[in-house]
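Asks: Sharing a structure with you now.
Quick note: the coordinates plus some simple rules give every number you see, no bench work behind them. Being a predicted model, the structure only gives us computed values, none of them experimental. Ideal geometry is used to build each Cβ from the backbone, glycine not excepted, and the neighbour counts take in all protein chains shown.
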Amino acid sequence: MNHRTPAAIAAALFAVGLAACGSSGRPHSSSSSANAQGGQPSGAAALTAEAQSAATGDIPDNQVFLTYHDARGGYAVKFPEGWARRGTGADVTFSEKNNLIHIVVAPGAAPTVVSMRAELARVRASTPSLSFTSPAPVRLGSGPAIRATYTTLGAPNPVTGKKVQLLVDRYELARGGRRATVDLGTARGVDNVDAYRMIINSFRWR
């Protein structure tokens, strides 16, 4: 008969506890994780193009727009009718191939030029292809915000080997201790300037 000492039993129980802690199965999202220094949100991950998506054309002038209300996220925003939606609350994406609208809401102070520049520098650490312009203050329909433009290269197409470059306008705005990061992305060469300007100016806190 196998007799275990109290020390051996304690060691075995400790190992089981560690295994249970490390296998919770909950997915990790970089869009709302906290950084190690201050516990503040690290911001939304960078958008990238899908290699197998055909190049998306301009949003047409006669496009119908609907208003999306998200009670959990505490905002409303217009989006093109017919676009697919993924997520809810703190992390929502509307997409039509490589035309993308990504909204992340998290606790945070009002953004500044310095904070957005530091945030994009952190994002570049996990997305080496990212390059960005210097952030600048802008005025939106909902109030003041910070804006920057960045580009990323998607994974190569498995057939052609070509990579799609995505051009993204990032806006950050805040109210009442909440900060929203809105990324409006499209493949380079596609002109969605007017439609995206209308969309970002439609954003309203609720």
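Asks: Rounded if a/c is under 1.5, else prolate if a/b beats b/c, else oblate: with a ≥ b ≥ c from the C-alpha gyration tensor eigenvalues square-rooted, which is segment 27-205? Please report the intermediate quantities before stating the final value.
Replies: Values: a/c = 1.58, a/b = 1.16, b/c = 1.37.
Oblate shape, in that a/c is at least 1.5 and b/c is the bigger or equal ratio.
Asks: Amide H neighbours of GLY108 under 5 Å, counting only residues 5+ apart in sequence or on other chains, H built in-plane at 1.01 Å?
Replies: ARG178, ARG179
Asks: Can you list residues whose amide H is under 5 Å from SER129's amide H, if they're 5+ apart or on another chain and H is modeled 1.01 Å from N?
Replies: Under 5 Å from the amide H of SER129 lie the amide H atoms of LEU153, each far enough along the sequence or on another chain.
Asks: Compute, for segment 27-205, the length of the dipole vector about the Cα centre, with Cβ point charges of +1 (Lys, Arg) and -1 (Asp, Glu) only. Units Debye, rounded to 20.
Replies: On the way: 19 positive and 13 negative charges, 93 e Å.
So the dipole magnitude of segment 27-205 works out to roughly 440 debye.
Asks: Along the charge dipole of segment 27-205, Cβ charges K/R +1 and D/E -1, which of ALA195, MET116, ALA84 sits furthest on the positive end?
Replies: Going by the Cα projections, it comes out as MET116.
Asks: List the residues whose amide H sits under 5 Å from the amide H of ASP58, counting only those 5 or more places along or on another chain, with H placed 1.01 Å from N in the peptide plane.
Replies: So ASP58 has HN proximity to ASP191.
Asks: Moving on. For segment 94-103, what does the Karplus curve 6.51 cos²θ - 1.76 cosθ + 1.60, with θ = phi - 60°, yield as ³J(HN,Hα) per residue in whole Hz, taken in order and with x for Gly and Pro?
Replies: Going residue by residue, I get 10, 8, 9, 6, 9, 8, 9, 10, 10, 10 Hz, with x marking Gly and Pro.
Asks: Apply the Karplus curve 6.51 cos²θ - 1.76 cosθ + 1.60, θ = phi - 60°, to the phi angles in segment 123-140 and return the couplings in whole Hz, x for Gly and Pro.
Replies: Using θ = phi - 60°, the values come out as 4, 4, 5, 9, 10, x, 6, 6, 9, 9, 7, 5, x, 8, x, 9, 10, 10 Hz.
Asks: Then there is this: With each pseudo-label sitting 7 Å past Cα toward Cβ, what's the SER126-ARG197 distance in nm, one decimal?
Replies: Reported label-point gap for SER126 and ARG197 is 3.3 nm.
Asks: R0 = 30 Å: FRET efficiency of HIS69 with THR112, Cβ-based, nearest 0.05? Write out the running numbers ahead of the final one.
Replies: Working: r = 29 Å, r/R0 = 0.96.
Given R0 = 30 Å and the Cβ-Cβ separation, E is 0.55.
Asks: Taking only Cα atoms of segment 155-206, what ratio of Rg to Rh do you get with Rh as the Kirkwood inverse-distance radius?
Replies: Numbers: Rg = 15.1 Å, Rh = 13.2 Å.
Taking Rh as the inverse mean 1/r over Cα pairs, Rg/Rh reads 1.14.
Asks: Now, a different point. Summing +1 for each Lys or Arg and -1 for each Asp or Glu, what net charge is found among the other residues whose Cβ lies under 13 Å from the Cβ of ARG117?
Replies: +2
Asks: How about segment 123-166: which trypsin sites (Lys or Arg not before Pro) there lie in a loop by DSSP and see at most 12 other Cβ atoms within 10 Å? Walk me through the numbers on the way to the answer.
Replies: On the way: sites: ARG124, ARG139, ARG147, LYS162, LYS163; in loops: LYS162, LYS163.
Of the trypsin sites (Lys or Arg not before Pro), the ones in loops of segment 123-166 whose Cβ has at most 12 other Cβ atoms within 10 Å are LYS162.
Asks: Taking θ = phi - 60°, what integer Hz values does the Karplus form 6.51 cos²θ - 1.76 cosθ + 1.60 yield along segment 160-169, in sequence order, with x for Gly and Pro?
Replies: Those phi angles translate into 8, x, 7, 10, 8, 8, 9, 9, 10, 9 Hz.
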